Amino acid sequence: MTEKTNVLIVGGGPTGLTLAVDLARRGVDCRIVEQAPEPLGGSKGKGLQPRTQEVFDDLGVIDRVLATTTLYPPLRVRIGRVPVYQGRMHKLVTPTDAVPYPMVMMHPQWRTEAVLRERLTELGGKVEQGTGLTGFEQDARGVTARLSTGATLRADYLVAADGGKSFVRKALGVGFAGETREEERMALGDVRVEGLGRDHIHVWYRPGKGMVVLFPMAGTDTFQMLAPLKPGVVPDQTLAGFQRLFAERSMLGGVRITELLWSSLYRVNIRLADSYRTGRVFLAGDAAHVHSPAGGQGLNTGVQDAYNLGWKLARVLAGAPESLLDTYEEERRPVAARVLGLSTDLLDKKTHKRDEETHQLMVSYRGGSLARRGGDRVPDGQVRLADGSQFRMFDLLRGTHFTLLSPDPAPRVVDGPEVRAYELAEPYGAERHTLVRPDGYVGISTSSAEELAAYLAMV
């Protein structure tokens, strides 16, 4: 018997989980399968950019995330016990009305995923661990997927969030142009350490041997250890191997790695999929783009892929024109291309400094088919309504709806998406009507009620 669902998500990492949460809160029937028998245990992607924190605010998980995050501590670079540099990766910035989450926060990936899984459970969903996709075919009406459990599943759409080695992307024959830098590899692991404080990111460099870095992981008693490798070196990914790497590069006595909880051999890959959509199948996250670790862009870009795609899938399933789904690639692929260029530049310059370019708050969809004198992120801040009451902008936007901001009584909208209209004390921007998309970007800014209605018919 063939099971049915609206959307099948392949991959239970941050991208797939974000999409599953977004669809579940919209009442869309979806399944999320993950071939790994249990959730990831590693810190891996550990930096949450300001824009990702805003996404998590909308999804209802930001308080849980911030409860166990910290700012990135200062860097302390030493040769043995001799300090040679101390400074911060990120300039300290205080929250403002417009930007409530201005700093990159440290949050190990395993915990980010745990928070999203918890939220998905609250919404009635779950990750089907130990369930892989073994094959699929698509036609004009949907996708037939075969699962490793032996089940056959019929879905309206399939979204591949199955990582850089994506089975789905390869099966589609979609190109993945770019490079793998075999000469730039590193041993990565989560370790417990005795004799070391947690108030700094510790960096040691030993001429001729190389560098080793220990990041104190927020809300844990562990460190993420990172050690770049020389070309051709095959690391010993055991506790003893990590102990030797640390000892020979730090030259410290009295500091000891006592436990290895997770490890990985990381290669720098810089690649972008030729297409994000093939019929009813979409690529998102690392399946669509892989980055160098510089700038902490990979996980964050994937989360925002999902945030862009979720509302569009829900709208088309509710009857919006199928062409709306073409705007996913139109909007997100250029963003990934820019971010790949940024992270690669940071890698090549070997700089640890980060600034607002990496925060992803400046991502814009201007010039796209869904941006009519719009396309930019709507900042937070106080909004005064015509009756004198005041609200935080993000409180008005939070949820699955479109938001109409206008000084006029709300124009009637017939047979369109859910729109929450707020009568303002004064116009928001240069035009009388500003319609904000469900993902917090301005869709259209206009003084014409007819133009507004035409836009809503398109989405």
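Before moving on, here are some points about what is shown:
- Only one of GLY173, GLY254 that is out of contact with any Lys or Arg (no Cβ under 8 Å at 6 or more places or on another chain), at pLDDT below 95 and small (Gly, Ala, Ser): GLY254
- Hits in the range 135-149 - residues which are open to solvent by 70 Å² or more (accessible area, probe 1.4 Å) and not hydrophobic (A, V, I, L, M, F, W, C): GLU137, ASP139, ARG141, ARG146, THR149
- Test: residue in the range 243-260 that is closer than 30 Å to THR301 by Cα, outside any helix (DSSP H, G or I), of a type outside the set (Lys, Arg) and open to solvent by less than 50 Å² (accessible area, probe 1.4 Å): yes
- Only one of THR222, THR278 that is over 29 Å from ALA337 (Cα atoms), out of contact with any Cys (no Cβ under 7 Å at 6 or more places or on another chain), at pLDDT 95 or above and not aliphatic (A, V, I, L, M): THR222
- Index of the failed condition, ALA161 passing every other in (1) crowded, with 21+ Cβ neighbours inside 10 Å; (2) within 25 Å of TRP110 (Cα to Cα); (3) touching a Lys or Arg at 6+ places or on another chain (Cβ under 6 Å): (3)
- A Cβ distance below 6 Å, combined with a sequence gap of six or more or placement on separate chains, defines the contacts here; from the range 172-199, residues that are farther than 22 Å from PHE246 by Cβ and open to solvent by less than 50 Å² (accessible area, probe 1.4 Å) reach residues that are assigned to a strand (DSSP E or B) and of a type in the set (Ser, Thr, Tyr) in the pairs LEU172/THR278.
- Test: residue in the range 439-447 that is in contact with a helix residue (DSSP H, G or I) (Cβ under 9 Å, 6 or more places away or on another chain) and surrounded by fewer than 17 Cβ atoms within 10 Å (Cβ to Cβ): no
- Any hit, the range 115-124, residues being open to solvent by 20 Å² or more (accessible area, probe 1.4 Å), touching a Lys or Arg at 6+ places or on another chain (Cβ under 7 Å) and part of a loop (DSSP other than H, G, I, E, B): yes
- Per the listing VAL203, VAL212, the residue uniquely touching a residue at least 24 places away in the same chain (Cβ under 8 Å), over 30 Å from ARG146 (Cα atoms) and in contact with a helix residue (DSSP H, G or I) (Cβ under 6 Å, 6 or more places away or on another chain) is VAL212.
- Residue within the range 270-281 that is farther than 30 Å from ASP29 by Cα and either surrounded by 18 or more Cβ atoms within 10 Å (Cβ to Cβ) or of a type outside the set (Ser, Thr, Tyr) (or both) present: yes
- Subset of the range 109-157 (residues that are out of contact with any Phe, Trp or Tyr (no Cβ under 7 Å at 6 or more places or on another chain) and of a type in the set (S, T, N, Q)): GLN109, THR112, THR121, GLN129, THR131, THR134, GLN138, SER148, THR149, THR152
- From PHE167, PHE215, residue being out of contact with any Gly (no Cβ under 7 Å at 6 or more places or on another chain) and open to solvent by less than 70 Å² (accessible area, probe 1.4 Å): PHE215
- Helices (runs of 4 or more DSSP H) within the range 1-113 that include 3 or more residues on the phi > 0 side of the Ramachandran plot, at pLDDT below 95 and open to solvent by 10 Å² or more (accessible area, probe 1.4 Å): none
- LEU214 being touching a His at 6+ places or on another chain (Cβ under 8 Å) and either modelled with pLDDT of 95 or more or not in a loop (DSSP other than H, G, I, E, B) (or both): yes
- One residue stands out in the range 281-294 among those that are farther than 22 Å from LEU324 by Cα and in a loop (DSSP other than H, G, I, E, B): the one that is modelled with the highest pLDDT, namely HIS291.
- Restricting the range 357-394 to residues that are out of contact with any strand residue (DSSP E or B) (no Cβ under 8 Å at 6 or more places or on another chain) and within 13 Å of ASP439 (Cα to Cα), the residue that is most open to solvent (accessible area, probe 1.4 Å): PRO379
- Candidates THR134, THR180, filtered to the one that is over 15 Å from GLY13 (Cα atoms), modelled with pLDDT under 95, assigned to a strand (DSSP E or B) and of a type in the set (S, T, N, Q): THR180
The values are calculated or read from the model by the stated rules, or taken from the named source; none is laboratory data. Bear in mind the structure is a predicted one, so any value in this text is a computation, not a measurement. Please note: Cβ atoms are built from the backbone with ideal geometry, for glycine as well, and neighbour counts cover all protein chains shown. Surface areas here come from the heavy atoms of the whole protein model, side chains and all, with no ligands, DNA or RNA. Shrake-Rupley method; radii C 1.70, N 1.55, O 1.52, S 1.80 Å.
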